[in-house]
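Here the structure comes first, spelled out in structure tokens, and everything after it is commentary.
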Amino acid sequence: MNIKSFSKTGLALGIVAFSGWAAAAECGDVTIANMNWQSAEVMANVDKLILNAGYGCNASLVTGDTVPTITSMAEKSRPDIAPEGWIDLVPEVVRTGIQSGNLIQAANSLSDGGSQGWWIPKYIADAHPDIKSFDDVKKHPELFPAPDDPKKGAIYNGPQGWGGTVVTSQFYKAYGFEKAGFVLVDTGSAAALDGSIAKAYERKAPWLGFYWAPTALLGKYPMVKLDNGHAVDPLEWKRCNTVADCPDPKPNGWPIDRVYTLTTKSFAARSPTVMAYLNKRAWSNTTVNKLIAWMTDNQATGEEGAKYFLKNNEALWSQWVSPEASSKIKAAL
């Protein structure tokens, strides 16, 4: 190799090395909120692995939950990242934080949003393709016999204290399900609600009731969400659909929960390359349902789930990162 070509090669290697050092210096220490439910836990671990392996960060997880984490980010600028922020649970905090400039809203981390509603097993939907909505199912109480009175239809509800339980009770009244021959079944606990679905699936029996996504259960047991038959009226939703003692609920749509990645302004300012990743990183309920179902079946931690996802979904996550980061992540795996 002559001196001229050696100099060019040395310069190129120096640029590459400096670029890697600059990216690491730009990123530095990063704190990621590790929320206490599976989908948020595994997303936090995915972010940690990608930031450390792909972008040279020193990322660590800190314990978090929706209200305290987002409030702390808006008021104290820590932690740096909340991967799965259910912003409709703290709308005023998020609005104030964004308006003040302390909070930055990145990608819609759940691309199709958090989904609550009434569901039926896919095998029931396949056997009865005419049943697609609340009004459709209301015509067929005989297809969903109640455990204590098979002459009536059953709608399984969540435990007391859940917002979805209140809404289900109000929709039961609003749509006239009692007159149509249905009863509400109080499952009493999250475990009992899950158990009712698992039991129905094992027997290929009918089931109708409240549930939500993303969850491991829907990753294991395919369910079909019923259409409420109405567009969402936010005023009616706030006035009565979500108020347990409201006497005159009206039919309404069920809003999709908006779920975004949030960062602090200070982090976004110092780490534009990582922000480019966070502005692209999103997955669907179907993807995360399957992933957390695998985690549940294998008693896997969030870190184990993240590694499993990265090893088996390169076509998806490689779209989120730069080619250089992709190569480093694959090498780390």
Handout entry: Yes/no for Pro121 being under 14 Å from Gly209 (Cβ atoms), in contact with a helix residue (DSSP H, G or I) (Cβ under 9 Å, 6 or more places away or on another chain) and not aliphatic (A, V, I, L, M)
Key = yes
Practice task
Report yes if Ile104 is touching a helix residue (DSSP H, G or I) at 6+ places or on another chain (Cβ under 7 Å), within 26 Å of Lys225 (Cα to Cα), of a type outside the set (Asp, Glu) and part of a strand (DSSP E or B), otherwise no.
Solution key: no
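The rows are residues; the columns are (1) in contact with a His (Cβ under 6 Å, 6 or more places away or on another chain); (2) among the aliphatic types (A, V, I, L, M); (3) within 28 Å of Pro129 (Cα to Cα); (4) not assigned by TED's automatic domain parsing to the domain that holds Ser133.
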| position | (1), (2), (3), (4) |
| --- | --- |
| Gly181 | no, no, yes, no |
| Ser189 | no, no, no, no |
| Ser196 | no, no, yes, no |
| Arg203 | no, no, yes, no |
| Leu208 | no, yes, yes, no |
| Tyr211 | no, no, yes, no |
| Pro234 | no, no, no, no |
| Lys250 | no, no, yes, yes |
| Arg258 | no, no, no, yes |
Problem - Where Glu314 falls short, out of the listed (1) without any contact (Cβ under 8 Å) to a residue 24 or more places away in the chain; (2) in contact with an Asp or Glu (Cβ under 7 Å, 6 or more places away or on another chain) - result: (2)
Problem - segment 19-62, subset at pLDDT 95 or above, not hydrophobic (A, V, I, L, M, F, W, C) and not in a helix (DSSP H, G or I), residue surrounded by the fewest Cβ atoms within 10 Å (Cβ to Cβ) - result: Asp29
Handout entry: Residue in segment 76-97 that is modelled with the highest pLDDT, counting only those that are closer than 20 Å to Gly158 by Cβ and part of a helix (DSSP H, G or I)
Key = Asp88
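The rows are residues; the columns are (1) free of Cβ contacts under 8 Å to residues at least 12 places away in the same chain; (2) small (Gly, Ala, Ser); (3) not in a helix (DSSP H, G or I).
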residue	(1), (2), (3)
Gln99	yes, no, no
Gly117	no, yes, yes
Ile120	no, no, yes
Ile124	no, no, no
Asp136	no, no, no
Tyr156	no, no, yes
Gln160	no, no, yes
Val167	no, no, no
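In segment 239-333, which helices (runs of 4 or more DSSP H) lie fully inside it and hold 2 or more residues that are over 23 Å from the mean Cα position of the chain (by Cα)?
On the way: elements: 265-270, 272-278, 285-297, 302-312, 314-317, 323-332.
Output list reads 265-270, 272-278, 323-332.
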Exercise for the section: Please identify the pairs in which a residue from segment 231-242 that is closer than 15 Å to Gly164 by Cβ has its Cβ atom under 9 Å from the Cβ atom of a residue that is acidic (Asp, Glu), counting only partners at least 6 apart or on another chain. Expected result: Asn241/Asp233
Handout entry: Residue that is surrounded by the most Cβ atoms within 10 Å (Cβ to Cβ) [pool: residues in segment 255-282 that are among the hydrophobic types (A, V, I, L, M, F, W, C) and in contact with a helix residue (DSSP H, G or I) (Cβ under 7 Å, 6 or more places away or on another chain)]
Key = Val274
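The values are calculated or read from the model by the stated rules, or taken from the named source; none is laboratory data. Given the structure is predicted, the values throughout are model-derived calculations rather than measurements. Every residue, glycine among them, receives a Cβ derived from its backbone with ideal geometry; neighbour counts consider all protein chains shown.
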